Amino acid sequence: MKQLFSILMPILFVSTVYGSTITGKVVDENNSPLGFVNVVLLKADSTYIAGTITDEDGAFLFNETTGSPKFVSVSSIGYANQTLAIPPTGDLGIIALNPESVMLGEVVVKSNRPVTAIKGDALVTNVAGSQLEHAGTANDVLAQVPMVLGRDGNFEVFGKGSPAIYINGREVQDLTQLSQLNSADIKNVEVITNPGAKYGASVQSVIRIKTKRPQGDGFSGTIRAQGVMQKYFRTVDQVNFKFRTGGLELFGNFGYIGGKFQSSNSVDMLTQSSVIWNQLLTQEGFMRTNEFFGKGGFSYLFNDSHSVGAYYSNGFIMQKTEHTGISNVFADGVPYDNLTMQGRTENNILPKHHANLYYNGEIGSFGIDFNMDYMWRKSRSEMWNNETSESLENSIVNSLGINRSRLFAERLVLSYPFWKGGIEFGEEYTTSRFSSDYTTDASILGNATSNVDENNIAGFFEIGQSFGNFNVGVGLRYEHVKFDYLENGQKIEDQSRTYSNLFPSVSLSTMIKNVQLSMTYTNKTQRPSYADLDGTVDYINRFTLEGGNPFLKPEKIHSIELMGAWRQFFGQITYTYKKDPIMNNTHPYGDDAEIKLITMDNFPKIQGLQAFVGGQFKVGIWQPKVNVGIMKQWLTIDYSGGLKRLDNPIALVQFQNAIHLPYDIWLNVDMQWMSAGNDDNTYQKSSSYLNAKLYKAFFNNRFSITLEANDIFNKSNRDVTLLNKDVTIYKLNTTNNRTFMLTLQYTFNSTRDRYRGQGAGTNEMNRF
């Protein structure tokens, strides 16, 4: 009996401990959770068994472990490694990591924990605890996030175009919200370059911003004033208020953007008809803008499981543009005419109604997220063009365009834990209308009235499961779209469409020792914008017109992506195949075909390959980051009576530097270079910029001053050549982009927004 007992006890011990879960939580020296820390199971001889990373709260979990693990190794760059014996219960409790410094000669090199890591299909950049806390606003943070290009709300993801941006799960409809969010309040930023079925079929990339936990009740707010000098002066002013008591939060945001913008360019347009027309146009102009916006709403947190809220926003934009230009016209290389042009445009957007209502909660194990949105906008554009000719008749053209857009959308998402993971499923319904009334006195054009009515019903299902150190996700989205095109009140059957499509997605992620890997496949679509579908023809000059194409089909997109991260390095590579891609094209207009219409068309196909790698380091007070990317496409078009290949790659190099100076002053010096190459049916010349910024906070970060100099050498403009069948347009942008900015910001009783609404119908809003 004793021998039997001595044999059974180790077996029972192993099966009890190592056949169940192993858990723990990792914190830093200040007892703050450490996310994205490497956790590895080891045998008694230190042989690797399985690995994972901690979540945002520092927790980790191994399910149904095998291989008789004896130890857990916990490691993160910038912290001393720890190897701990696994207790009989499998619960390692709180594991505290201490910072680690390495002395190299007289230079102290301290590696900070990885600012960028992989979480499922997302590239996650930690902001809390890094130098990005001192960047200024969310705009400044995103400008420093790998894979993200641009600034001041005008962002794109490398090779993926404009992203959908979320703050705490709520999609950002007004990009000025990014400047209202203090960088010190941001926890992390996730960039998804191949989003799955949960997101709309036309969403090519997603940026998710998560903020820190809210603090306290009472009255809080932020006052921000920014002065910008870019040849002319403009200002951006904002006031944001919150009042919180118990579960109730009231908030209001108000802002103003005003000033003068310069516009300067030259265009060389070659039009091939029976005569080869060559127009050399130089143009100078400016725009005055006045924009007011306001937003007010509430949220009520009943408890951690139930929250409701609503908001209403409105505003208006008034813009006046004036330009003068000289156009030298040649016919078959012989001087034909000289035109002097004067133009004026008034654009007014009034009003901009938008309302959102949401419920977010849990009933039992079910998670519920419901959103309902309504939007209505009206824009008016009045244009005057006066062309004085040396050889022919003068031409005066007046036109008026009035556009109206309205949208109603609702979205319901349910989640439920299932087996070794969870499932999410939901539906989204959107109904929208875009109408255009266009009148003109141009003899070659006519008045037009068009409507676009669209109804979109979508449903999606996603399931995620964990098997050892592998995480698998499968999703499927169904969208049924009914599209009606009406001209002068009559439905045009040939231009109306109905689509029913399934969009699958698959993801796989794992961790092999210290290497994080993720692979995804998605099937997407890109539907034309309402402006691209608008059949109204606009007057450019007596040789060239511009308009949309109601016959456009959505493009179909297949993407396969692989991401990896090791220590402070990461990389990504994506292959994309597009069928029926939408690009610029030209067609003859009129009986004699001498006038050309620039419009949009579906091309047969385009293939693309992109790669992006980066690394981040820390040497004393200096924190440099280096990113390198390349995009290459395979595209052949009809051009000038033959075929032309557009497959020159575009390379990107970024060198970003953060330097922590005495007196807690932060200096940022950022450089970027982008090579010449082809993007769709354009050829873009190289560009570069050098930016510098000084940031200093006072009074425990309540007040801050930021001084910036952007594009110091004025090299960021990209000269573009548009290559079409009959028209080649070379545009040289000579606008001065050298900008100096001074920003003053005061924040009191800073708290995080509790509003949990995610919004509905966001894809349609973007198309407006």
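The values are calculated or read from the model by the stated rules, or taken from the named source; none is laboratory data. Bear in mind the structure is a predicted one, so any value in this text is a computation, not a measurement. Neighbour counts run over all protein chains shown; Cβ positions are idealised from the backbone, glycine included.
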Practice task
Scan the range 533-544 and give yes if some residue there is surrounded by 15 or more Cβ atoms within 10 Å (Cβ to Cβ), among the aromatic types (Phe, Trp, Tyr) and in contact (Cβ under 8 Å) with a residue 40 or more places away in the chain, otherwise no.
Solution key: yes
Handout entry: Flag for VAL626 being farther than 28 Å from MET269 by Cα, among the β-branched types (Val, Ile, Thr), surrounded by fewer than 18 Cβ atoms within 10 Å (Cβ to Cβ) and in contact (Cβ under 8 Å) with a residue 60 or more places away in the chain
Key = no
Exercise for the section: Return the only residue of ILE444, ILE457 being modelled with pLDDT of 85 or more and either closer than 30 Å to GLU393 by Cβ or in a strand (DSSP E or B) (or both). Expected result: ILE457
Practice task
Scan the range 329-350 and give yes if some residue there is out of contact with any Phe, Trp or Tyr (no Cβ under 6 Å at 6 or more places or on another chain), among the small types (Gly, Ala, Ser), more than 28 Å from GLN177 (Cβ to Cβ) and free of Cβ contacts under 8 Å to residues at least 40 places away in the same chain, otherwise no.
Solution key: no
Completion exercise
The condition of being buried (at least 18 other Cβ atoms within 10 Å of the Cβ) and assigned to a strand (DSSP E or B) holds, among THR439, THR520, THR431, only for THR520
Fill in the blank from the handout: Filtering the range 97-129 for residues that are surrounded by 13 or more Cβ atoms within 10 Å (Cβ to Cβ), in a loop (DSSP other than H, G, I, E, B) and at pLDDT below 65 leaves a count of 6
Practice task
Collect the residues in the range 714-746 that are part of a loop (DSSP other than H, G, I, E, B), closer than 18 Å to GLY259 by Cα and hydroxyl-bearing (Ser, Thr, Tyr), keeping them in residue-number order.
Solution key: THR735
Exercise for the section: Output the residues belonging to the range 672-687 that are within 21 Å of the chain's Cα centre (by Cα) and not charged (D, E, K, R). Expected result: GLN672, TRP673, MET674
Exercise for the section: Report whether or not LYS491 is among the charged types (D, E, K, R), in contact (Cβ under 8 Å) with a residue 60 or more places away in the chain and more than 21 Å from ARG411 (Cα to Cα). Expected result: no
Completion exercise
Of those in the range 459-494 that are under 21 Å from PHE551 (Cβ atoms) and of a type in the set (Val, Ile, Thr), the residue surrounded by the fewest Cβ atoms within 10 Å (Cβ to Cβ) is ILE492
Handout entry: Of residues in the range 649-688 being within 28 Å of ASN733 (Cβ to Cβ) and touching a Phe, Trp or Tyr at 6+ places or on another chain (Cβ under 6 Å), the one surrounded by the most Cβ atoms within 10 Å (Cβ to Cβ)
Key = GLN672
Handout entry: Filtered residues of the range 604-623 (kept if within 25 Å of LYS553 (Cβ to Cβ) and without any contact (Cβ under 8 Å) to a residue 60 or more places away in the chain)
Key = PRO604, LYS605, GLN607, LEU609
Handout entry: Leading residue by the ranking (surrounded by the most Cβ atoms within 10 Å (Cβ to Cβ)) among those in the range 8-31 that are assigned to a loop (DSSP other than H, G, I, E, B) and at pLDDT below 75
Key = TYR18
Problem - Yes/no for PRO417 being assigned by TED's automatic domain parsing to the domain that holds LYS320, assigned to a strand (DSSP E or B) and at pLDDT 90 or above - result: yes
